[in-house]
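Let me begin by presenting the structure, written as structure tokens, before commenting on it.
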């Protein structure tokens, strides 16, 4: 049987040990060994032939893929730990059957659909800009909805950085505030909030309702569920 070597950071991510970025830090600090020798950044290995250890503990069997969606409440961060002691979304998914991590960002003040997985390859596919995975947000704003929507539709840069023009619809317009649907393909830090600020309107509430082919639907706030086989297939083809 033919064996294939892969970067150690990719192997650790695929086995659910940590993200690729965290794996690179483990490599820099000499905490990874291959066949008893300290591994180097960028080194490749074959997990079927080589003995890889993290802090002296061999990798376990490659885990089954876990793919879930969470209806993230406001007030939770999307990091594993927080130096300020804020609550993490991982507290809400602790009973999912294995170690997972959030796919991309959803800031503490925002809510809605958040994907979590232990599949490093899918994570890279969904967050890499070249794949242009579409994300849709429902945004309640203070200000003139029609004027804000028009400015957002023509926006092709944000603070000097090029962005794809968003798709924007006015869902509801009222006296001094309204609700917009905003679809983007990037995942820059607090992008929708920054875009709205640049368009002259204040975000009152922001909720992600779709990522790729996966929709939040009527999943209750704070609840999670496993993705269906069809949802996983469509995400991998995104």
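Throughout, read-outs are computed from the coordinates displayed, never taken from laboratory work. Nothing here was measured: the structure is a model prediction, and the numbers come from that model. Every residue, glycine as well, gets a Cβ built from its backbone with ideal geometry; the counts of neighbours run over all protein chains shown.
Data overview
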quantity	calculated
log10 of Debye I(q)/I(0), alpha-carbon scatterers only, for the chain at 0.10, 0.14 Å⁻¹	-0.55, -0.96
In range of the label at residue 132: residues from region 178-222 whose backbone nitrogen is under 11 Å from the point 7 Å along Cα→Cβ	185-186
Gyration tensor verdict on region 112-153 (Cα atoms; rounded if a/c is under 1.5, prolate if a/b is larger than b/c, oblate otherwise)	oblate
Whole-number percent relative contact order across the chain, with pairs defined as alpha carbons under 8 Å at least 6 apart	20 percent
Förster radius 30 Å - calculated FRET efficiency between residue 159 and residue 22 (Cβ-Cβ, nearest 0.05)	0.60
Ratio of the Cα radius of gyration of region 6-58 to 2.2 N^0.38 Å, where N counts its residues	0.94
Residue 5/residue 209 FRET efficiency (R0 41 Å; Cβ-Cβ; nearest 0.05)	0.50
Rounded to 5, percent antiparallel among DSSP beta bridges of the chain	90 percent
Sorted peptide list for 74-80, 5-11, criterion being average Cβ within 10 angstrom, highest first	5-11, 74-80
√(5λ) per eigenvalue of the Cα gyration tensor, region 153-197, largest first, Å	21, 11, 9
Zero-based 5 Å bins, Cα pair distances in region 134-211, whole percents	3, 17, 33, 27, 15, 4, 0
Additional length obtainable on full extension of the chain from residue 64 to residue 228, 0.36 nm per residue less Cα span	57.6 nm
Point-to-point label distance, residue 172-residue 80, nm (Cα→Cβ direction, 7 Å offset)	4.0 nm
CD proxy at 222 nm, helix term only [per DSSP H run n ≥ 4: -39500 (n - 2.57); per residue of the chain; nearest 500]	-5500 deg cm²/dmol
Segments 44-55, 176-187 sorted - mean Cβ within 10 Å per residue, highest first	176-187, 44-55
Highest to lowest packing among 159-172, 112-125, scored as the average C-beta count within 10 Å	112-125, 159-172
